[in-house]
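What follows is a short report on a single structure.
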Amino acid sequence: MANEDAIQRLGQNTHNTQWDGSPMVLQVAQSATMPQTPLGTMIIAAKDLATVNNSGTLAITSGGSAPQLLTIPALTPYPTLTANNWQSQALTLTNVSAPQDVPIMIQAIGPGIPGITPVPLPFGTPVTLNSMQAAQGSSQMAWMQLLMEVPSANISNVAILGGPADAAGNNGYLIALNYTVNSGPGTGNAPPPGYFATTVVNAYTFQFNWGASFIYVVNLTPPDGSLNVTLANL
């Protein structure tokens, strides 16, 4: 019944039909539509701004597909993240929360999307990124490594975008540091939905050989969390 009520709210009150991905707040039953998404992985971050313990629900629709309903927890500094390649189709986000007092902050994240201007990511030089800051550099025709490290013991989310797409068209990787379990490649454990890997420690190394390509790294930790990233040859 709750899902049926949420679906009935879709499109009832279109708020922004030319959303460019910049941060904005959706009140209940309001929507934002990005007319054309990138032909590559893009990240959606959503945060419940309610001041009481009311979780929210965000519906994501694209290309006539069934809506994806995301539960947005209340009273947490962490945004809810989802990464996908919406294949250049229009994308609509709608706040379909049952309580009326659950505004949801939304933001799209990726190269060229307004809201985050990346700093340069040079070879061999550590770069410190504050929350919701990004760095962009270029890979070489060789195996390379990206070292990501946070100075705290808090759970920290990092996104990497770039390189060739997989069979599903995605070329984005969500990684959680200081998580409760090691998961992802080489661990024998499946990562949480939407994630590439998690680690119980405060650092992670990502090896890749993308040829001549860009690499885009963004710090998705809460406001007080910084991230150190270093791009190097192997």
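The values are calculated or read from the model by the stated rules, or taken from the named source; none is laboratory data. What you see is a predicted model, and the numbers here were worked out from it, not measured in a lab. Cβ sites come from the backbone with ideal geometry, for glycine too, and all protein chains shown count toward neighbours.
Listed values, structure above:
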{"quantity": "In the stretch 2-39, residue surrounded by the fewest Cβ atoms within 10 Å (Cβ to Cβ) [restricted to those that are at positive phi and at pLDDT below 95]", "calculated": "Gly11"}
{"quantity": "Lone qualifier among Gly225, Gly194, Gly211 - being out of contact with any strand residue (DSSP E or B) (no Cβ under 8 Å at 6 or more places or on another chain), assigned by TED's automatic domain parsing to the domain that holds Ala153 and not in a strand (DSSP E or B)", "calculated": "Gly211"}
{"quantity": "Criterion violated by Gly225 - all others in (1) within 15 Å of the chain's Cα centre (by Cα); (2) modelled with pLDDT under 95; (3) within 20 Å of Ala153 (Cα to Cα) satisfied", "calculated": "(1)"}
{"quantity": "Unmet requirement for Pro185, which otherwise passes all of (1) in a loop (DSSP other than H, G, I, E, B); (2) closer than 17 Å to Leu161 by Cα", "calculated": "(2)"}
{"quantity": "Per-region count, the stretch 205-224, residues under 13 Å from Met148 (Cα atoms) and surrounded by 15 or more Cβ atoms within 10 Å (Cβ to Cβ)", "calculated": "7"}
{"quantity": "Only listed residue being of a type in the set (A, V, I, L, M) and farther than 17 Å from Leu174 by Cβ, chosen from Leu93, Leu81, Leu70", "calculated": "Leu93"}
